[in-house]
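**Student:** Dropping a structure here in structure tokens format, bear with me for questions.
The values are calculated or read from the model by the stated rules, or taken from the named source; none is laboratory data. Since this is a predicted model, take the numbers as computed values, not measurements. When we count neighbours, we look across all protein chains shown, and the Cβ atoms used for this are built from the backbone with ideal geometry, even at glycine. Heads up: the accessible areas ignore ligands, DNA and RNA and are worked out on the full protein's heavy atoms, side chains in. Shrake-Rupley method; radii C 1.70, N 1.55, O 1.52, S 1.80 Å.
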Amino acid sequence: LVKLGKSNLEVSRTIQGYWQLAGGHGKYKEADAVANMKAHYDAGITTLDTADIYGPSELIMGKFLATQPKAVPCTKFCCFRFLNEIDRAEVKLRVQKACDRLQVDKLPLVQFFWSQYEEKNYVHVALA
């Protein structure tokens, strides 16, 4: 494990991503995906990555996290539409929904994706 910056958060040197669970990358069995997460965890890859736009990925990862609370979940907050309307309340709501899907009380790390930097609201939203 490595300490992330000056925080107390420790993440594995390799982070296993689960974009492939979005559904457009071929068929899979949910049980196999959860077994894959366990195999990675047992091998020392304890940090998992997903996003709110990866279809059922957060829900599937949540099933694993419910059995392995020491795993470190990371997700993304992706913004594509209505960028000038996103406010602190929406950020809080969407992060809470991600927590619910992931079956965690809080997230140690949320990655931020903003699609149009011409819309200057991104700094305000990122810091919400």
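**Student:** Taking the solvent-accessible surface of protein heavy atoms with a 1.4 Å probe, what is the per residue accessible area of the chain in Å²?
**Tutor:** I get 63 Å² per residue for the chain.
**Student:** Of the labelled options (1) 7.1; (2) 8.4; (3) 8.8, which one gives mean projected area of the Cα convex hull in nm² as computed for this structure?
**Tutor:** It is the value labelled (2).
**Student:** Once neighbouring chains are kept in place and the probe is 1.4 Å, which whole percent of the accessible area of region 1-105 is contributed by carbon and sulfur?
**Tutor:** Details: 3380 of 6350 Å².
Result for region 1-105: 53 percent of the exposed heavy-atom area is carbon or sulfur.
**Student:** Size of the dipole of the chain about the Cα centre, Lys and Arg at +1 and Asp and Glu at -1 on the beta carbon, nothing else charged, in debye to 20? Please report the intermediate quantities before stating the final value.
**Tutor:** Values: 17 positive and 14 negative charges, 52 e Å.
Dipole about the Cα centre, nearest 20: 240 debye.
**Student:** Would you be so kind as to identify which of Leu127, Gly17, Asn84 lies farthest towards the positive end of the dipole of the chain, taking Lys and Arg as +1 and Asp and Glu as -1 on Cβ and the Cα centre as origin?
**Tutor:** Sorting the options by dipole projection puts first Gly17.
**Student:** So for the chain, taking the charge dipole from beta-carbon charges (+1 Lys/Arg, -1 Asp/Glu), which of Leu59, Ala43, Leu109 sits furthest toward the positive end?
**Tutor:** In the chain, that residue is Ala43.
**Student:** Please compare each pair in Lys6/Lys106; Lys27/Lys97; Lys27/Lys106; Lys27/Lys70 to a cut-off of 21 Å on the Cα-Cα distance and tell me which ones are over it. Before the final figure, lay out the partial values.
**Tutor:** Values: Lys6/Lys106 19 Å; Lys27/Lys97 26 Å; Lys27/Lys106 30 Å; Lys27/Lys70 29 Å.
Violating the 21 Å limit, Cα to Cα: Lys27/Lys97; Lys27/Lys106; Lys27/Lys70.
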